[in-house]
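Only one structure is covered here, and it is reproduced in the block below.
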Amino acid sequence: MVGGMKVLRQPISREDALIAHTRKNAYLVFQENNLGSIQAGKLADLVVLDRDYLTIPANEIKDIKPVMTIVGGRIVYDAAAR
């Protein structure tokens, strides 16, 4: 939605949306060798969510909360520690 206007007649899949925000973003900033997927030798930047984004009902996606965020292999946010 852009300004409340429907821009796609058929939404992309959740898997494609996840790829767009991970691997594709890494490619756009010329960091695909360092970021975008969980592989040996890449930076450990990731987020742990409180629900499974791929299986929850679509109307609950907006309610997902981060449980932990890891940047460069170090925990930078931990909801349990708050």
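For the reader, a short list of remarks on this structure follows.
- The C-beta contact set for the stretch 10-25 (first residue exposed (fewer than 14 other Cβ atoms within 10 Å of the Cβ), second residue in a helix (DSSP H, G or I), distance under 8 angstrom, 6+ apart or interchain) comprises Ile12/Ala20.
- Residue within the stretch 50-57 that is of a type in the set (Phe, Trp, Tyr) and in contact (Cβ under 8 Å) with a residue 12 or more places away in the chain present: yes
- Subset of the stretch 34-57 [modelled with pLDDT under 90 and either open to solvent by 80 Å² or more (accessible area, probe 1.4 Å) or not polar (S, T, N, Q) (or both)]: Leu35, Gly36, Ile38, Gln39, Ala40, Gly41, Lys42, Leu43, Ala44, Asp45, Leu46
- Exactly one residue among Ile75, Ile70 is touching a strand residue (DSSP E or B) at 6+ places or on another chain (Cβ under 9 Å) and open to solvent by less than 70 Å² (accessible area, probe 1.4 Å), and that residue is Ile70.
- Number of positions in the stretch 51-79 that are more than 13 Å from the chain's Cα centre (by Cα), more than 27 Å from Gln31 (Cβ to Cβ) and in a loop (DSSP other than H, G, I, E, B): 3
The values are calculated or read from the model by the stated rules, or taken from the named source; none is laboratory data. Quantities reported herein were computed from a predicted structural model and do not represent experimental measurements. A quick note on method: Cβ atoms are made from the backbone with ideal geometry, for glycine too, and the neighbour counts reach across all protein chains shown. Side chains are part of the model used for accessible areas, which takes the heavy atoms of the whole protein and leaves out ligands, DNA and RNA. Shrake-Rupley method; radii C 1.70, N 1.55, O 1.52, S 1.80 Å.
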